[in-house]
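A short worksheet on the structure shown next.
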Amino acid sequence: MLPEDARRWHYVENRLLRVLLSYAYEEIQLPLLEATELFSRGVGEATDIVEKEMYTLADRDGESLTLRPEGTAGCVRALQQHGLLFNQTQRVFYTGAMFRYERPQKGRYRQFYQIGAEAFGFAGPDVDVELILIGRDFWQALGVEEHVELEINTLGSGTARAEYREALVAYLTPLKNELDEASQRRLDNNPIRILDSKDPATQALLSDAPKLPEFVDAEGRAHYSELIERLDQLGISYRENPGLVRGLDYYTHTVFEWITTSLGAQGTVCAGGRFDGLVERLGGRPTPAAGFALGLDRVVLLYQEVHKTLHRQGNNRTEGNFAAAADDFAAAADVYVCVMAEADVVWAMRVTDQLRRGLPGLRIRLHAGGGKLKSQLKRADLSGATWAILIGEEEVRTSQVAVKFLREETAQQAFSPEALIEFLQKHAVAAIQVRGT
Ligand code: ATP
Ligand code: MG
């Protein structure tokens, strides 16, 4: 990620992390490498991830390790190992790189970034609602709420799911030869995932297949209708999608995805649900759990896409709207300090120190390497800075600095360092807020 991309990426990440902190979720930092077995058990043998996407290597003593393809399994492993799941509740989030051997394309990479949140110890739908509210706040914080839609479904309890699985296999087995290749394989090891197939012939066969909602038991229906009721009361719009399933067998009850149509094929920007079966499957006591994982790369792309359009329409800077235009990330510095004479460099360093202390959040670059004013100003322009500070003999003698406005037709002005700080505090606030530094 080159500097301009990294600036935009951090801006988006910061906004999202602030939302999680506002819900008092706590950060957990997980290792990049875990025992391979954690994922084959925790994600499931019959999933795309474990079947064909993991980067697995042998340690020097022959232990099989895997670069984490997702965060949930590691999160459960860590909390359990430290006795933080039994008889208590946890609300945590993680952020970082994940690795999957995929066919790289726009929005799909082999090293990608997720922000995930997980809540443990809550059986009711209130926490499912909370996780959805966090998503709503994410999109608002980035000004992309008009471009993302929520889809929800329920898988019912573990028993309902098992019964459905049997019914689906009974229906599809005689039709096996008409299914696409991947679905034929899944018929044996992960049949519910067939509902996810993009193959038109398979989808046609599925139209007469038993429907998951018909198998959801009373407990599952109660959980789901409470979820729906709360979303309605809170004015959260959603679309019910009975075909929405998650790849992993331990998912139960609520599943949801936030989807955008602004990114082409890779439209799911955040996916989650309830996975009451996972902790037990990883050797702990049964513990209700729910969470989501957000694809940060895709969210950054979405952010860029949406604000590029806004910028073209010229309304990117409405008051109180923190969503910066895509162009705001082009600048590497806000202020560029030019110093004419070698003899004045130390004086310039002192003044620059003073500015940095007085103007936290502003990026102030001091020219290095000498040279003529003209070439220094060229560097200032390239840095994207809004202001150049000029320090010459006259300025040093009078303890003043001259400010040149690089992006507007305003005459050069002279300030004492203190007055300059006051001036920039007034004028740079918008820049700092927009960038979120
Ligand atoms: P997909 O169907 O797109 O492969 P998935 O079901 O494998 O998604 P999850 O494991 O649910 O994805 O991961 C949660 C989110 O992480 C996805 O919704 C997506 O936004 C993001 N994501 C997953 N894989 C990648 C990838 N290879 N590159 C970029 N983002 C990804
Ligand atoms: Mg995938």
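The values are calculated or read from the model by the stated rules, or taken from the named source; none is laboratory data. A quick note: this is a predicted structure, and the numbers were derived from the prediction, not measured. Here the Cβ positions follow ideal geometry from the backbone for every residue, glycine too, while neighbour counts run over all protein chains shown. All accessible areas refer to the heavy atoms of the entire protein, side chains included, with ligands and DNA or RNA removed. Shrake-Rupley method; radii C 1.70, N 1.55, O 1.52, S 1.80 Å.
Solvent-accessible area per residue for the chain at a 1.4 Å probe radius, Å²?
On the way: 21040 Å² over 437 residues.
Solvent-accessible surface per residue comes out at 48 Å².
When the Cα atoms of the range 132-251 are enclosed in a convex hull and the volume is divided per residue, what value in Å³ results? Could you put the intermediate results ahead of the total?
Details: hull volume 14.5 nm³, N = 120.
Cα convex hull per residue, to the nearest whole number: 121 Å³.
Subtract the Cα-Cα distance of Glu229 and Ala411 from 0.36 nm times their separation in residues, and report this length gain in nm to one decimal. Before the final figure, lay out each step's value.
Working: separation 182, 0.36 × 182 = 65.52 nm, distance 6.07 nm.
Full extension of this stretch gives 59.5 nm more.
Using only the Cα atoms of the range 223-288, each taken as one equal point scatterer with no solvent, compute I(q) by the Debye sum, divide by I(0), and report log10 of the ratio at q = 0.12, 0.17, 0.22 Å⁻¹.
Calculated log10 I(q)/I(0) at the listed q: -0.41, -0.76, -1.04.
What list of whole percents do you get for P(r) of the range 344-392, with Cα-Cα distances grouped in 5 Å bins up to the one holding the largest distance?
Spelled out per bin, shortest first, that is 5, 19, 31, 26, 16, 3.
Using DSSP loop states and a limit of at most 13 other Cβ atoms within 10 Å to flag GluC sites (Glu not before Pro), what is the longest stretch of the chain containing no flagged site?
Details: sites that count: Glu45, Glu63, Glu319, Glu408, Glu409.
Longest stretch, sites excluded: 64-318.
Tell me, what ³J(HN,Hα) does each residue in the range 218-225 have, in order and in whole Hz, if you take phi through Karplus 6.51 cos²θ - 1.76 cosθ + 1.60 with θ = phi - 60° and put x for Gly and Pro?
Values, residue by residue: 4, 4, x, 5, 4, 4, 5, 5 Hz.
Along the range 194-204, what does the Karplus equation 6.51 cos²θ - 1.76 cosθ + 1.60 (θ = phi - 60°) give for ³J(HN,Hα), rounded to whole Hz, x for Gly and Pro?
Coupling constants for the range 194-204: 4, 4, 7, 4, 8, 6, x, 5, 4, 4, 5 Hz.
How many percent of the alpha carbon pairs in the range 1-76 exceed a separation of 22 Å? Before the final figure, lay out each step's value.
Numbers: 1292 of 2850 pairs.
Within the range 1-76, distances greater than 22 Å cover 45 percent of Cα pairs.
So what is the diffusion coefficient of the range 333-435 in µm² per second by Stokes-Einstein at 10 °C and 1.306 mPa s, using a Kirkwood Rh over Cα pairs?
Details: Rh = 13.5 Å.
It diffuses with D of about 117 µm²/s by this estimate.
Express the relative contact order of the chain as a whole percentage, based on alpha carbon pairs under 8 Å and six or more residues apart in sequence. Each step should come with its number before you reach the end.
Values: 740 pairs, mean separation 65.5, N = 437.
After rounding, I find 15 percent.
Could you go through the range 146-163 in sequence order and give the Karplus-derived ³J(HN,Hα) for each residue, using 6.51 cos²θ - 1.76 cosθ + 1.60 with θ = phi - 60°, rounded to whole Hz, and x for Gly and Pro?
Those phi angles translate into 6, 10, 10, 10, 9, 10, 9, 7, 10, 9, x, 6, x, 5, 4, 5, 5, 5 Hz.
Hey, can you grab everything whose amide H is under 5 Å from the amide H of Arg108? Only 5+ residues off in sequence or another chain; H modelled, so Pro and N-termini drop out.
Long-range HN contacts for Arg108: none found.
Going 7 Å from the Cα of Phe86 toward and past its Cβ, which residues in the range 282-303 have a backbone nitrogen under 12 Å from where you end up?
284-286
Is the range 198-247 rounded, prolate or oblate when judged by the Cα gyration tensor, a ≥ b ≥ c being the square roots of its eigenvalues, rounded requiring a/c under 1.5 and prolate requiring a/b larger than b/c? Write down the numbers at each step before the final one.
Details: a/c = 3.33, a/b = 1.75, b/c = 1.90.
Verdict is oblate for the range 198-247.
Take the alpha carbon gyration tensor of the range 151-219, find the square roots of its eigenvalues, order them as a ≥ b ≥ c, and report rounded if a/c is under 1.5; if not, report prolate when a/b exceeds b/c, else oblate. Present the calculation step by step, with values, prior to reporting the outcome.
Numbers: a/c = 2.03, a/b = 1.69, b/c = 1.20.
Since a/c reaches 1.5 and a/b is larger than b/c, the shape of the range 151-219 is classed as prolate.
Compute a Gaussian network model of the chain, connecting alpha carbons closer than 10 Å, and tell me which residue from Gly71, Gly83, Gly220 fluctuates the most.
Its mean-square fluctuation being the largest, the pick is Gly83.
Please give the net charge around Lys176, taking every other residue with its beta carbon less than 12 angstrom from that of Lys176, where Lys and Arg add +1 and Asp and Glu add -1. Display every interim value, and only then the final one.
Working: positive: Arg185, Arg186; negative: Glu178, Asp180, Glu181, Asp188.
With Lys, Arg at +1 and Asp, Glu at -1, the net is -2.
Would you work out the relative contact order for the range 333-435, in percent, from Cα pairs under 8 angstrom that are 6 or more residues apart? Please list the in-between numbers first.
Values: 151 pairs, mean separation 31.2, N = 103.
Dividing the mean separation by the residue count of the range 333-435 yields 30 percent.
Taking 1 over the mean of 1/r across every pair of different Cα atoms in the chain, what Kirkwood radius in Å do you get?
On the way: mean 1/r = 0.0402 Å⁻¹.
Radius from the Kirkwood sum: 24.9 Å.
Using a Cα distance threshold of under 22 Å, what count of lysine pairs results for the chain when pairs must be 8 or more residues apart or interchain?
Final tally of qualifying lysine pairs is 11.
Output the 0 to 90 degree angle, nearest 10, between the alpha-carbon long axis of helix 345-358 and the longest principal axis computed from the alpha carbons of the chain.
On a 0 to 90 degree scale, this one is about 50.
Can you give me the % of accessible surface on the chain that is carbon or sulfur? Probe 1.4 Å, all protein chains present, nothing else counted. Walk me through the numbers before you get to the answer.
Numbers: 10520 of 21040 Å².
The value for the chain is 50 percent carbon and sulfur by accessible area.
Multiply the residue separation of Ala170 and Glu145 by 0.36 nm, subtract the distance between their alpha-carbon atoms, and state the gained length in nm to one decimal.
Here the answer is 4.8 nm.
Classify the range 43-191 as rounded, prolate or oblate, taking a ≥ b ≥ c as the square roots of the eigenvalues of its Cα gyration tensor: rounded when a/c is under 1.5, otherwise prolate if a/b is larger than b/c and oblate if not. Walk me through the numbers before you get to the answer.
On the way: a/c = 1.36, a/b = 1.17, b/c = 1.17.
Here the range 43-191 falls in the rounded category.
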